[in-house]
Amino acid sequence: MNLHDFKSTSIILVKREFDFDRLKLLFLEFASSIDFDLNYRSFIQELSSVTDLYSPPNGIAFILSHDNNTVGCVGIREMSPGVAVIKRLYIRSDFKRNHFGRQLLKVAIDWADQTGNKKLRLDPCDTMQGITKLCIEEGFAEISSGSNLPGENFKLYEKKIIPKPEFSRMMA
C-alpha cells in the first residue's frame, strides 16, 4: 500500500438515505458471505430498521470507499451504558488484503473512545477468522464463547477503552 492509496480512501458517517441504502446492500452482502442463516439473530428485522438502529442515540455506522468504490462498512450499537458492540464489520472480498478492515475497526474504537464507552465488544462467528485475527491484533481479548445453533460457534471479544488524553481533557 502506498501514499496514493490513502488519498483515494474515505470513510463517511452514514446519515443520508442514500448512505443507508448502501449500508443495507453491504449488510445483505455480508449475510450472503457467511455460511449460516442470520434469521435467528433477527437479521431481517434489523435490516428493515437499519436507519433507527444505526443512527444516534442507538448506534452509528460508517462506510469506507476507495477509488470511488464502496469497500465495506462497520456498524456500532450501544449494548448498555458504557458498552458498545461492533456489528457487521464487513469488507467486500475484492478489497480484503488492503488493510481496510483495520481502518474500519480503528474508526469503531475511536468512536467508542470519543463517546465515553469503557468497553467495545465484537462477536465474530468461527468462520470469520480474518476479523478474529484483526480484533486480537487491535487489543481485543476473548471473554466468553459458546454456540447458538448446531454447527455455529462464536467467541465474544472485548477491548477495554482507555481514554486518549486529548479526549479526556475535552470531557473535563
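Coordinate-derived values only; no laboratory data. The model shown is predicted, which means the values in this text are computed figures rather than measured ones. So basically every Cβ, Gly included, is an ideal-geometry build from the backbone, and we count neighbours across all protein chains shown.
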What net charge is computed for the residues neighbouring residue 144, neighbours being all others with C-beta under 11 Å from the C-beta of residue 144, Lys and Arg scored +1, Asp and Glu -1? -1
Please give the per residue volume of the convex hull enclosing the alpha carbon atoms of the stretch 30-143, rounded to a whole number of Å³. 121 Å³
Cβ-defined net charge surrounding residue 84, 13 Å radius [Lys, Arg +1; Asp, Glu -1]: +2
